[in-house]
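A.B. asks: Below is a structure I'd like to ask you about.
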């Protein structure tokens, strides 16, 4: 059993180089930053110089997107070693990966694809998570994915699958509330029921992001696109979580159509404000309207 990840507090942002000067000039403006691990697998350059400077001022969370934890193939040992080296170099507080697969037959597919939830896949994913934790020598958080259909082979709910994964490996959970809303809308599930089934004590980080609505004939899908302000429904679910389980470190994910620093920092302020008072109304906190 690996040591449980230490608790962060407050709210942070997914770091982008365009925000470097603002962050370095006022490092107390956010409580932590998060990076995508694969962007930092190189040895040097501007990205590493900026990250090293910021790491001296604030905690860091490392979020992997390409290990294909849910895939049928063995994990890429070179990828894990590069991730290990990155963690040794910057000593992040949290390390996370996705409950998804993204590679097949040696080819990286460039997307996070769904896993069927049943006993066989649970055994496979648990073995991958345990292998990764053994390589890193630390607890890893696993993020719930955004899904667009329910796989017929699934025999467990996603929340039950994650709960059993935590029990068998000691991993933690990165709960993406936007992904949860997207998945529940697209698959006609109940987000409150999902939260009730999830082991809240294993949730060590939250993600908030924007989504888009796509209309096709009579079908409306929500799409996890990380390119807009956080929707009212997501803020509302965040407030419900806070009232139910208390504050966790909360990351604002905004990866496309990047806003000005003042807009992104205002989202951080909303997350922090709700941590202190989850019963605030949207208009009092300045929530978005997406």
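The values are calculated or read from the model by the stated rules, or taken from the named source; none is laboratory data. The shown structure was predicted, so the numbers you read here are calculated from the model rather than taken from an experiment. With ideal geometry, Cβ positions are generated from the backbone for all residues, glycine too; neighbour counts draw on all protein chains shown.
A.B. asks: Go through (1) at pLDDT 95 or above; (2) assigned to a loop (DSSP other than H, G, I, E, B); (3) out of contact with any helix residue (DSSP H, G or I) (no Cβ under 8 Å at 6 or more places or on another chain) for residue 138 and report which single condition fails.
C.D. replies: The number of the failed condition is (3).
A.B. asks: Would you check which residues across the stretch 185-214 are in contact with a strand residue (DSSP E or B) (Cβ under 9 Å, 6 or more places away or on another chain) and either under 21 Å from residue 120 (Cα atoms) or free of Cβ contacts under 8 Å to residues at least 12 places away in the same chain (or both) and list them?
C.D. replies: Selection gives 198, 213, 214.
A.B. asks: Considering only residues of the stretch 144-160 that are over 17 Å from residue 205 (Cβ atoms) and either in contact with a strand residue (DSSP E or B) (Cβ under 7 Å, 6 or more places away or on another chain) or crowded, with 24+ Cβ neighbours inside 10 Å (or both), which is modelled with the highest pLDDT?
C.D. replies: Only one residue fits best here, namely 158.
A.B. asks: So, one more: Here is a check on your reading of the model: is residue 44 over 19 Å from the mean Cα position of the chain (by Cα) and modelled with pLDDT of 95 or more? Steps first, answer last, please.
C.D. replies: On the way: over 19 Å from the mean Cα position of the chain (by Cα): yes; modelled with pLDDT of 95 or more: no.
In short, no.
A.B. asks: Mind checking which strands (runs of 3 or more DSSP E) fall wholly inside the stretch 194-281 and carry at least 3 residues that are over 22 Å from residue 17 (Cβ atoms), at pLDDT 95 or above and within 16 Å of the chain's Cα centre (by Cα)?
C.D. replies: Numbers: elements: 203-209, 211-216, 219-224, 250-253.
Those strands (runs of 3 or more DSSP E) span 203-209.
A.B. asks: Could you tell me whether residue 53 is over 23 Å from residue 270 (Cα atoms), out of contact with any helix residue (DSSP H, G or I) (no Cβ under 9 Å at 6 or more places or on another chain) and surrounded by fewer than 17 Cβ atoms within 10 Å (Cβ to Cβ)?
C.D. replies: Values: over 23 Å from residue 270 (Cα atoms): yes; out of contact with any helix residue (DSSP H, G or I) (no Cβ under 9 Å at 6 or more places or on another chain): no; surrounded by fewer than 17 Cβ atoms within 10 Å (Cβ to Cβ): yes.
Answer is no for this residue.
A.B. asks: Condition check: at pLDDT below 95, crowded, with 20+ Cβ neighbours inside 10 Å and under 19 Å from the mean Cα position of the chain (by Cα). Does residue 69 satisfy that? Before you say what the answer is, go through the steps one by one.
C.D. replies: Details: at pLDDT below 95: yes; crowded, with 20+ Cβ neighbours inside 10 Å: yes; under 19 Å from the mean Cα position of the chain (by Cα): yes.
Taking the combined requirement at face value, the residue satisfies it.
A.B. asks: While we're here: Would you please list the contacts, defined by Cβ atoms under 7 Å and residues six or more apart or on different chains, that run from a residue in the stretch 258-275 that is without any contact (Cβ under 8 Å) to a residue 40 or more places away in the chain to a residue that is surrounded by 15 or more Cβ atoms within 10 Å (Cβ to Cβ) and not in a helix (DSSP H, G or I)?
C.D. replies: Matching pairs, first to second residue: 273/280; 274/280.
A.B. asks: In addition: Might you check whether a residue that is within 27 Å of residue 10 (Cα to Cα), in a loop (DSSP other than H, G, I, E, B) and touching a strand residue (DSSP E or B) at 6+ places or on another chain (Cβ under 7 Å) occurs anywhere in the stretch 169-184?
C.D. replies: yes
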